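Undergrad: Encoded as structure tokens, here's the structure I'll be asking about.
Only the coordinates and a few stated rules stand behind these numbers; no lab work does. Every value quoted in this text rests on a predicted model; they were computed, and no experiment measured them. Every residue, glycine among them, receives a Cβ derived from its backbone with ideal geometry; neighbour counts consider all protein chains shown.
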Amino acid sequence: MIETKILLVDDEEGFVTALAKRLSIRDMNVVSAFAGEEGLAKLNEEPDVDVVLLDVKMPGMDGIATLKEIKRAHPTTEVIMLTGHATVESAIEGMKLGAFDYLMKPCELDELVAKVEAATAKKRAHRAKILEAAGRELRLRRGV
């Protein structure tokens with residue numbers, strides 16, 4: 001089984017540290033960032049991230065602005081929005097912008113892990129289809 005790689009972006013350092021430790025115990029590779037801009041920089045450095053866990057409310061670049069940039073630059077990376085201040089409007093906006101799902105903090109770890117696994121499966125299936133289509137196109141060009 002291929003290890004899931006997660007980028008956790010949240011301005012609450014205690015939350016990030018605790019959640020990263022809990023996910024690591026579940027054989028997930030966690031990269032942490034404490035602001036939207038930092039998260040985008042880390043995603044550019046590590047494009048093999050499967051899932052971004054992204055806080056909605058952060059100072060500076062908030063989660064919605066960060067989500068827009070992630071989906072623009074890394075369209076196959078799945079994003080799960082996390083917030084302690086959920087509103088219906090931000091949930092709807094996040095889903096319209098391509099978020100995989102939206103969870104309230106604190107969420108049950110088992111529920112979060114299940115969402116991460118489902119998002120990872122979706123990303124990997126999408127990438128496989130892209131690679132298959134690219135291979136087909138290459139074979140057609142070569143006349144095979």
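Undergrad: Net charge near residue 17, counting Lys/Arg +1 and Asp/Glu -1 over other residues with Cβ under 13 Å of its Cβ?
TA: -2
Undergrad: Here's another thing I want to ask about it. Relative contact order (percent) for the chain, with alpha-carbon contacts under 8 angstrom and 6 or more residues of separation?
TA: Relative contact order for the chain comes out at 20 percent.
Undergrad: Could I ask something else about it? In terms of modelled amide H atoms, which long-range or inter-chain residues lie less than 5 Å from the amide H of residue 58?
TA: 63
Undergrad: May I ask you to list the lysines whose Cα is less than 16 Å away from that of residue 71, ignoring any residue fewer than eight positions away on the same chain?
TA: In chain and number order, the partners are 42, 96, 122, 123.
Undergrad: Nothing charged except the Cβ atoms of Lys and Arg (+1) and of Asp and Glu (-1): what's the magnitude of the dipole of the chain about its Cα centre? Round to the nearest 20 debye.
TA: 980
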